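Working notes, beginning with the structure itself.
The values are calculated or read from the model by the stated rules, or taken from the named source; none is laboratory data. Given the structure is predicted, the values throughout are model-derived calculations rather than measurements. Here the Cβ positions follow ideal geometry from the backbone for every residue, glycine too, while neighbour counts run over all protein chains shown. Protein only, heavy atoms only, side chains kept; ligands, DNA and RNA dropped before computing areas. Shrake-Rupley method; radii C 1.70, N 1.55, O 1.52, S 1.80 Å.
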Amino acid sequence: MQGPPKRLRVAICGAGIGGLTLALALSQYPDIEIELYEAAATLTEVGAGVGVFPRPWKIIQMLGLEQDLLKTSERKPKQGPVPAFNWRKSDQQVGFTFTTLVTNGTLITLHRADFQSVLLRRLPPSCRVNCSKRLRTYTQRQFGPTELIFEDGSRTFCDVLVGADGLKSATRRAFLSERAQWMQTQRRWQEAEDIASCIDPVWSGTIAYRALIPGERLRAAAPGHPVLTTPTQYLGKNGYIIAYPISHGKMINFVAFTCRHDLENTKFDGPWVGPSDASQFAGLFAHWEPEVQALIHCVENPLRWAIHTVKPLRSFVSGHTVLIGDAAHAMTPHQGSGAGQAIEDAYILATVLGHRSTTRENLPRALRIFDEIRRPAATSVVEASRMNGRYFSFEVDGVDFDRYTGPQLWDKLQKLNGALVKNWEWTWTTSVDGSIQDALRMLEMEIIVSGGAKGSNT
Ligand SMILES: Cc1cc2nc3c(=O)[nH]c(=O)nc-3n(C[C@H](O)[C@H](O)[C@H](O)COP(=O)(O)OP(=O)(O)OC[C@H]3O[C@@H](n4cnc5c(N)ncnc54)[C@H](O)[C@@H]3O)c2cc1C
């Protein structure tokens, strides 16, 4: 027997952290139909760690995922000041810790695969995940449903298309191509060019070498190594390393970055992700302190990632199509906030779509509210993350840290610490509640102004 007709049919393209979180958040609204379309044949996350700050963690709590996720993490959420990372100056023979980053609330560190499997387990059966469905493009009209066209030739319809399809988003490509073409018909050549320039991601100038080190291996090679228990960042000129335990210390998440800031926003020559040559990789950090050498010694076959970003978009919304997560604002990983921002997008989008006043007819209003709240916020995180990358690799106001020693060096490092904390503290000093309240207030306000949804008592 068929149930009552659905208020909205939402198609989510991409079942990464953003898409799955959105599906789960939307599943709280029984009158919304949810279909997920994922390009991969099966849902498997790449083995790596992910850090989650208090803002997105609040959403994880609201979605009821906290207990399941905490079973997989050695870190427990605490209120108030919590040490998050030790920061060391490491590009020399004898490194030293110059500060400990203290956050307000815990930075929870997780294994991505654990995160994804918890999200998947919680999805209700009504929420269908269709694998091997790679979106090619879509067509939308001002009124009526949007048609999705997949690479296998199949087609389907929805009321709202959510592009959660990551860095190389096909949704973003179709969305921006359509807008650029429209600008051309209006002879607005420069705007058409600007929009088209956001279709393809740009290289950030940074390469990341990622690996998971078995905790046992590090324990055997370097008993009592600090990262077995303490998240640590090793900083130096033109690069840095981050390492922290995940999955109850069974693994150490390891990422080493090399930065060429002068090459930011250029085209990367070569494959974006691939294997790296272990000895070439080790050579990049050969002059760094022994703690770093011990870690590098334990790294096998690091994966090399050329870190790409998406240039700031003028809107995350076009008609009945909306972008979230990396599809909308892929950023550098230097604030550990890309996934957190995808989670925030997902929750705010679910809030506006799920609201009692949102219907097929007034969808553009709900999507505009999403864009007004999330785009400025995400855009400022993109920039803050970019700045963190500069600070971590000692690219600060032309200061050459190698020229200083003793108290002068210490003073420069404390100034760097101050700049980093100021740039990053939004993640633990602000709350996501404000954004949720803003969304609800804007939705309610528009009901009053338009005189709509009268008599509704939900
Ligand atoms: C080295 C590194 C470290 C990081 N560390 C952190 C961290 O500590 N904390 C943090 O918050 N963030 C971190 N990030 C960022 C984070 O990984 C991303 O921001 C996040 O995964 C984005 O989620 P998403 O769902 O938007 O995209 P994705 O996770 O990329 O998911 C996109 C999904 O869409 C699918 N897809 C792609 N194309 C199509 C198509 N045409 N049709 C259908 N499906 C499609 C893909 O298969 C995939 O499943 C890091 C990133 C890197 C590179």
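Between SER132, SER117, the distinction of being within 30 Å of TRP272 (Cα to Cα), assigned to a helix (DSSP H, G or I) and out of contact with any Ser or Thr (no Cβ under 7 Å at 6 or more places or on another chain) belongs to SER117 only. Test of understanding: among LEU409, LEU413, which residue is in a helix (DSSP H, G or I), at pLDDT 95 or above and either in contact with a strand residue (DSSP E or B) (Cβ under 7 Å, 6 or more places away or on another chain) or polar (S, T, N, Q) (or both)? The conditions single out LEU413.
Does at least one position in the stretch 259-274 carry a residue that is open to solvent by 20 Å² or more (accessible area, probe 1.4 Å), under 12 Å from PRO302 (Cβ atoms) and either within 22 Å of the chain's Cα centre (by Cα) or in contact (Cβ under 8 Å) with a residue 12 or more places away in the chain (or both)?
First pass over the stretch 259-274, keeping only residues open to solvent by 20 Å² or more (accessible area, probe 1.4 Å): 260-273.
Still in the running and under 12 Å from PRO302 (Cβ atoms): 273.
Next, only the ones that are either within 22 Å of the chain's Cα centre (by Cα) or in contact (Cβ under 8 Å) with a residue 12 or more places away in the chain (or both) stay: 273.
Yes, that holds for at least one residue.
Kindly indicate whether any position in the stretch 337-347 is assigned to a loop (DSSP other than H, G, I, E, B) and either outside the structural domain of GLU444 (by TED's automatic domain parsing) or open to solvent by less than 10 Å² (accessible area, probe 1.4 Å) (or both).
Checking the stretch 337-347: at least one residue is assigned to a loop (DSSP other than H, G, I, E, B) and either outside the structural domain of GLU444 (by TED's automatic domain parsing) or open to solvent by less than 10 Å² (accessible area, probe 1.4 Å) (or both).
The set of residues in the stretch 18-53 that are of a type outside the set (Gly, Ala, Ser), within 12 Å of the ligand (Cβ to nearest atom) and not in a loop (DSSP other than H, G, I, E, B) comprises LEU20, THR21, LEU22, GLU35, LEU36, TYR37, VAL50, VAL52.
Please note which strands (runs of 3 or more DSSP E) are completely contained in the stretch 143-191 and include at least 1 residues that are in contact with a Pro (Cβ under 8 Å, 6 or more places away or on another chain). Please lay out each step first, then the result.
Working: elements: 146-150, 155-158, 160-163.
Filter on the stretch 143-191 gives 155-158.
Picking from TYR244, TYR234, which residue would you name as being aromatic (Phe, Trp, Tyr) and either open to solvent by 50 Å² or more (accessible area, probe 1.4 Å) or under 22 Å from the mean Cα position of the chain (by Cα) (or both)? When all the criteria are applied, what remains is TYR244. Scanning the stretch 322-332 finds no residues that are more than 9 Å from the ligand (Cβ to nearest atom), open to solvent by 10 Å² or more (accessible area, probe 1.4 Å) and under 26 Å from GLN140 (Cα atoms). Determine if the stretch 356-368 includes at least one residue that is crowded, with 19+ Cβ neighbours inside 10 Å, more than 16 Å from the ligand (Cβ to nearest atom) and not assigned by TED's automatic domain parsing to the domain that holds VAL52. No, because not a single residue in the stretch 356-368 is crowded, with 19+ Cβ neighbours inside 10 Å, more than 16 Å from the ligand (Cβ to nearest atom) and not assigned by TED's automatic domain parsing to the domain that holds VAL52.
Can you tell me which residue in the stretch 287-306 is farthest from GLY239 (Cα to Cα), limited to those that are open to solvent by 20 Å² or more (accessible area, probe 1.4 Å) and within 16 Å of the ligand (Cβ to nearest atom)? So the residue we want is ASN301. Pairing residues of the stretch 378-397 that are on the phi > 0 side of the Ramachandran plot with residues that are part of a helix (DSSP H, G or I), at Cβ distances under 8 Å and at least 6 apart in sequence or on separate chains, gives PHE394/PHE401; PHE394/LEU416.
State whether the residues of the stretch 33-50 include one that is closer than 30 Å to LEU228 by Cα and at pLDDT 95 or above. Break it down into steps so the answer makes sense when it comes.
Restricting attention to the stretch 33-50, the residues satisfying the condition of being closer than 30 Å to LEU228 by Cα are 43-50.
After this cut, where a residue has to be at pLDDT 95 or above as well, the list is none.
Looking for residues that are closer than 30 Å to LEU228 by Cα and at pLDDT 95 or above, one finds none in the stretch 33-50, hence no.
Suppose we keep only residues that are within 13 Å of the ligand (Cβ to nearest atom) and touching a Ser or Thr at 6+ places or on another chain (Cβ under 8 Å) within the stretch 135-149. Which one would you say is farthest from ALA342 (Cα to Cα)? Checked the stretch 135-149; the qualifying residue farthest from ALA342 (Cα to Cα) is ILE149.
Which one is surrounded by the fewest Cβ atoms within 10 Å (Cβ to Cβ) among residues in the stretch 385-406 that are polar (S, T, N, Q) and part of a loop (DSSP other than H, G, I, E, B)? It comes out as THR405.
Output yes when any residue across the stretch 103-114 is away from the ligand (no atom under 13 Å from the Cβ), over 30 Å from GLN408 (Cα atoms), over 21 Å from the mean Cα position of the chain (by Cα) and not assigned by TED's automatic domain parsing to the domain that holds PRO226, and no when none is. For the stretch 103-114, residues away from the ligand (no atom under 13 Å from the Cβ), over 30 Å from GLN408 (Cα atoms), over 21 Å from the mean Cα position of the chain (by Cα) and not assigned by TED's automatic domain parsing to the domain that holds PRO226: absent.
Return yes or no: is VAL82 surrounded by 21 or more Cβ atoms within 10 Å (Cβ to Cβ) and in a strand (DSSP E or B)? No.
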